[in-house]
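Read the structure below first, then the notes.
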Amino acid sequence: MKRKSTSVEINAPRKSVEHVLEDAPQFITNWPYVVRVNTRNGVQVEVLLPRFVFKFGDTYTFTVMNDSNSYIYDGVGGRSHLTVTIGMKEWQKSVTADIELSYQGRGEFLLGKTLEILVSGIAKSLKELAENLDAVPSLSASAGIADNVDFSDPMSVASFLSKSKMVHSGLHIIQKGGLFDVIMEVRGKLSDSVLYVSGITQDGLKAFKLLIKGSQVLAVEYRDQNGTQIVKVKDDETARKALEIVSRIEGAYMVNVWVPVGGV
């Protein structure tokens, strides 16, 4: 069994940290390497752990347990076992969270660095979600947050997602040039104008991220076997490039959609 651990200081009251930890689907959605979260039959999470040229994927059914000072997320998969334990120490104005991750199963002797990134990302997500729990943006502020997202800067994406919630997750067959049809279908059930849409194929070889406000594309990232393309729309030329990338996306994708907390 491979174990990795870290600690993080959270400048928020304990009740805010506990609120995040008790909402397991939302919290786990913000972990690194999580492809999708399904809550129809408990909390089922698909995770894709990359290392070198390999990708170790599994779908875990999580059980959440807690006592007065700790939370345990115990994930049982078909080929592996993933457990995250979070202990808390409360101080006058902050909380220290001690996070330990254990992994047993396929590739465990190859995944040391990957598991380090995973446990560090879990700590970072907990800190950002707890510290921003009460920071519900106004309409104009939410739009501003979206305008500032840059897919070439992982920190800006993480900041946006820490202030967002997942509103849709499902498998979609995207026809060439038909991604906007899928988005319009999802948007028909929502009142939000700003959407963050991500998609990944089952083999993990192709993925996209798309940020839109109304009918306007703000940024797009597309990854396939030929590399990664990122475009942040600033003018007519970059808008054309973004639409050209979006029009090429096709195939079976697990699509997740987020909206800023509070809507826009």
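The values are calculated or read from the model by the stated rules, or taken from the named source; none is laboratory data. If you're wondering where the values come from, they're calculated on a predicted model, not measured in any experiment. Please note: Cβ atoms are built from the backbone with ideal geometry, for glycine as well, and neighbour counts cover all protein chains shown. Please note that ligands, DNA and RNA were not included when accessible areas were found on the heavy atoms of the full protein model with its side chains. Shrake-Rupley method; radii C 1.70, N 1.55, O 1.52, S 1.80 Å.
So here's what we get for this one:
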item: Translational diffusion coefficient (Stokes-Einstein; Kirkwood radius from C-alpha pairs) of the stretch 139-260 at 25 °C, 0.890 mPa s, in µm²/s; result: 170
item: Whole-Hz ³J(HN,Hα) from phi, Karplus 6.51 cos²θ - 1.76 cosθ + 1.60, for the stretch 193-208, glycine and proline x; result: 9, 9, 10, 10, 10, 10, x, 8, 6, 4, 7, x, 7, 10, 7, 9
item: HN-Hα J in Hz across the stretch 96-110 - Karplus 6.51, -1.76, 1.60, θ = phi - 60°, x for Gly and Pro; result: 9, 10, 9, 10, 10, 10, 10, 9, 9, x, 4, x, 4, 7, 9
item: Neighbourhood net charge (15 Å Cβ-Cβ; Lys/Arg +1, Asp/Glu -1) for LEU161; result: -1
item: Calculated FRET efficiency for the pair VAL167/LEU110, C-beta based, R₀ 45 Å, to 0.05; result: 0.80
item: Share of carbon and sulfur in the accessible heavy-atom surface of the stretch 2-132 [1.4 Å probe, %]; result: 48
item: Charge dipole of the chain about the Cα centre (unit charges at C-beta), most positive-ward option of LEU133, GLN225, MET166; result: GLN225
item: Accessible surface of the stretch 139-260, 1.4 Å probe, proportion on carbon and sulfur as whole %; result: 52
item: For the stretch 1-90, alpha-carbon Rg relative to the globular expectation (2.2 N^0.38 Å, N residues); result: 1.15
item: Placed amide H near PHE56: partners under 5 Å, 5+ positions off or other chain; result: LEU49, ARG51
item: Gaussian network model of the chain, Cα within-10 Å springs - most flexible of ILE183, ILE72, ILE200; result: ILE183
item: Stokes-Einstein diffusion coefficient of the chain, Kirkwood radius over Cα pairs, 10 °C, 1.306 mPa s, in µm²/s; result: 82
item: Among ASP236, ASP203, ASP23: highest mean-square fluctuation, GNM of the chain, C-alpha pairs under 10 Å; result: ASP236
item: Gained length - ASP23 relative to LEU243, 0.36 nm times residue gap less alpha-carbon distance; result: 75.6 nm
item: Hypothetical label at ARG14: residues of the stretch 76-90 whose amide nitrogen lies under 16 Å (7 Å Cα-Cβ projection); result: 86-90
item: Cα→Cβ-extended label distance, 7 Å offset, between ASN69 and ASP224, nm; result: 5.4
item: Mean ellipticity per residue at 222 nm, deg cm²/dmol - from DSSP H runs of n ≥ 4 across the chain, formula -39500 (n - 2.57); result: -8500 deg cm²/dmol
item: Simple Cβ-charge dipole of the chain, Lys/Arg +1 and Asp/Glu -1, about Cα centre, in debye nearest 20; result: 400
item: Difference of contour (0.36 nm per residue) and Cα-Cα distance, MET1 to SER120; result: 41.0 nm
item: The chain: most fluctuating residue of SER156, SER191, SER70 per GNM, C-alpha cutoff 10 Å; result: SER191
item: Inter-label distance, nm, simple model (7 Å from Cα along the C-beta direction), ASN148/THR61; result: 4.2
item: Options VAL20, SER120, GLY204, ranked by Cα towards positive dipole end of the chain, top entry (Cβ charges); result: GLY204
